[in-house]
Structures are given as C-alpha cells and as structure tokens.
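See below for the structure under consideration.
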Amino acid sequence: MSAVLFFIAGSGAIAGAVGVVMLRDPFYAVLALVGHLLSLAVLFLLARAEFVAAVQVVVYAGAVMVLYVFVVAYVGGREEPIGELLRGPGGRGPAAAQLRLGAAVLSGALLVELLIALLGTGLKAVSGDGAPYAPGVGGGSNQFGTPAYIGQLLLTRFLLVFEAASFLLLIAAVGAVVLARRRGGIEEDGDTERRLTPLDLIRPRGTGTMLEGVGGRAYEAARAREQNGEPGEEPVPVGAGVAPAGAPSPRGPSEQEGGW
Amino acid sequence: MAIGWYLAVSAIVFALGAAGVMVRRNPLVVLLCLELMLNGANLALIAFSRMWGNGDGQILALIVMTVAACEVCIGLGMVVAIYRRRLPIDVDELRELQG
C-alpha cells in the first residue's frame, strides 16, 4: 500500500516539476507547482513527517502560492514558447541558444552526479526502510514527527534557530515593503507640498525631519530657500508649497523666486 | 519504501529545478524553479530524518521553508518593482542591475 502511494505521489511530484519547467504560461506553471507541492506533502506523510506535511499544505501550497498567483495576475505573464528557448529567439543570435542548451546539458550532468552519489553511497541505511517506527508508541512529545515533538525541539534545542528565522521573516517583510513602495517616494509631486506638523513648531531647524533624512533634491531646495533669507522662523502656511527646484511644479519658477 | 527512492525523487526534482533556473527567461518562472530546488532539498532532509529516526532534519526542513518564504517575498517585490518601472520582465534584458 505504501509503495503504491509512494509511486503515485512521486510521479505526481516529478510531473509537477516538469510542468513548472516546461509550461509556457507562468500561471499554469504556478498551478503545476501547487500540484507538485501537494504530492510532496504526501511523500512527507509517508516519511512520517506529519507536521511538516501539514505546514507544506497550509503555508506553502496555500499562502505562498496565493502570493504567486496574485503577482502573476498583476504582472500578466508573457508566454514564452519552450522551443524558442532552445532554438534561440529571433534577433538575439545563436549564442544565447547555445548557452541554454549548455545549461540543459549541465543540469542533466548534475542529475547523473547526484544519482551516482546515491548509488555509490556507503550508507547501508539508505537501502533500508529507516529507523523503527510504531504508531502510537511513546505518545506526547516522544512520538516522532508530531506537532508536540517538533514544538519541543524548536523551543529547546533549536531555540536560537527559531529566533533567527523569525528575524529573517521580519527583515524580509520590511524589505518587501521598501521594494514595492512608490518609487521616488518623498520627492514625488504630491509629496513635496510641505505639510505643517506639530514638530515644526517646537523643533530646532536642521534636526530630524523626514525630508532631511531622505536628503535629495527636495531637501536641498528647501535648504537653499531658507538660506536665501526667506522667513524660516514663521510656520509655513499649509499648502503654500515649497516645491523643489528640480521637481515639476504647477507654479512657475518666477513665482517661487519672488518670495513672499 | 526504501529511503533511496525518496532520495532519487529528490535528486530528479532538484535537477529539474536547476535546469529551469538556467533555461527559463521569465523571472517569475525562475523563482518557481528555485522553489523546486528548495523542495528537492527538503525531501532529502525529510528522508534522512526518517532514516535515522531523528527530528533534526524536519526542523531544518521547516527552516528551509521559512527561507523560501522570505525569498519569495523579496523576489516578488523585485518583480513588481521592475514591472512598475516599465522594464522588460526578462532576465536576459535585465543583466545589468542599474537603477
């Protein structure tokens, strides 16, 4: 029974992987990857890794793949025929095609090498069924692969790894926000209008505004204006715009130089 | 099933993923193929964990999943940023990482 299940799930995983590599439309490639992940979860279950299999289905095939589907729908995947990949697209010359063919050969060599390492291994246990396992024996956090077992390992022996992984997730979240924010940020047209905040009334000049932190043209322009003898002490009326010199402004340059 | 069969499947999946990373041009598909490679490694880790009856491999597989999620996060953020700047979504055209 387990052998039958293994071959079904294993061929499903390999078929999904082939689909990811070969399918033209990125959307179908994502769907193939979902199928691959589900069959891989079955393989994990067969290897007695219950908790990892559940995480694989819920987090990986669920959440991460939804992210992929959203981005593919947003960007709109361009189809690329796989035959053109190997023959070389028109106009880019035969060198790219040769590189791609070389890449395919190289990965074939990688597979052969991995299989040789597998067959020639000195580990006798590779051809065995693995460590003795009896369902229900031990119970609680002693039962191999259960959530209690994983949780105990993560919070005792691998606590440092656990915390490092959480920091990594935090950094990745911040990085994604920085990458996907509006380009130009504070120097864009709508943002350059100076808004009066409570901090403007009490803070000394030259310390700690967002504009100064970002630097760039908007800050330089505001600095230059202040040094030209414009009334810096008075709070600037909201919307009376200190548009930077570089950015396109609805007001003409002469109006800016006139001062008020 | 013998552990060797799991390792064979994981080797095939890993090699397919490596081929995809090198051959495909769309960055989205390249990211998908990276996932394939990570999953192949995960399967090998789980198989070795089963082989010794030791949970360390499963913990490592969970950490690999975390790293994969981070990589997807950053990679998709970059793809969206590339798309917003109207650059071609093609790893051949994007060989210079200039502004």
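Each reported figure results from applying straightforward, stated rules to the coordinates on display, with no laboratory input. As the structure is a computational prediction, the values presented were derived from the model and not from experiment. Please note: Cβ atoms are built from the backbone with ideal geometry, for glycine as well, and neighbour counts cover all protein chains shown.
For this structure, a couple of remarks:
- Listed from fewest to most Cβ neighbours within 10 Å, the set B:Glu93, A:Glu50 follows the order B:Glu93, A:Glu50.
- With bins 10 Å wide beginning at 0, the percent of Cα pairs of the range A:108-182 falling in each bin runs 15, 19, 21, 32, 11, 1.
- Simple spin-label estimate for B:Val80 and B:Asn54 gives 4.1 nm between the two label positions (7 Å along the Cα-to-Cβ direction from each Cα).
- Charge tally in the Cβ shell below 15 Å around A:Ile171, where Lys, Arg are +1 and Asp, Glu are -1, A:Ile171 excluded: -2
- Point-charge dipole on Cβ atoms (K/R +1, D/E -1) for chain B, about Cα centre, debye to 20: 180
- The HN-Hα couplings worked out from phi for the range B:42-47 by the Karplus form 6.51 cos²θ - 1.76 cosθ + 1.60 (θ = phi - 60°) are 4, 5, 5, 4, 5, 5 Hz, whole numbers, x standing for Gly and Pro.
- Residue-by-residue Karplus 3J(HN,Hα) for the range B:16-29, coefficients 6.51, -1.76, 1.60, Hz, glycine and proline x: 4, x, 5, 4, x, 4, 7, 9, 6, 10, 6, x, 4, 5
- As a size descriptor, the averaged projected area of the C-alpha convex hull of the range A:141-181 was calculated at 3.4 nm².
- Projecting the alpha carbon convex hull of chain B along each direction and taking the average yields 6.8 nm².
- Here the Karplus curve 6.51 cos²θ - 1.76 cosθ + 1.60, taken at θ = phi - 60°, turns the phi angles of the range A:120-126 into couplings of x, 5, x, 6, 5, 5, 5 Hz, with x standing for Gly and Pro.
- Residue order, fewest to most beta carbons within 10 Å, for A:Ser2, B:Ser10: A:Ser2, B:Ser10
- Once the Cα atoms are used to define both axes, helix B:56-84 deviates from the longest principal axis of chain B by about 10 degrees.
- From the alpha carbon centroid of the range A:1-16 to that of the range B:36-91 is 22 Å.
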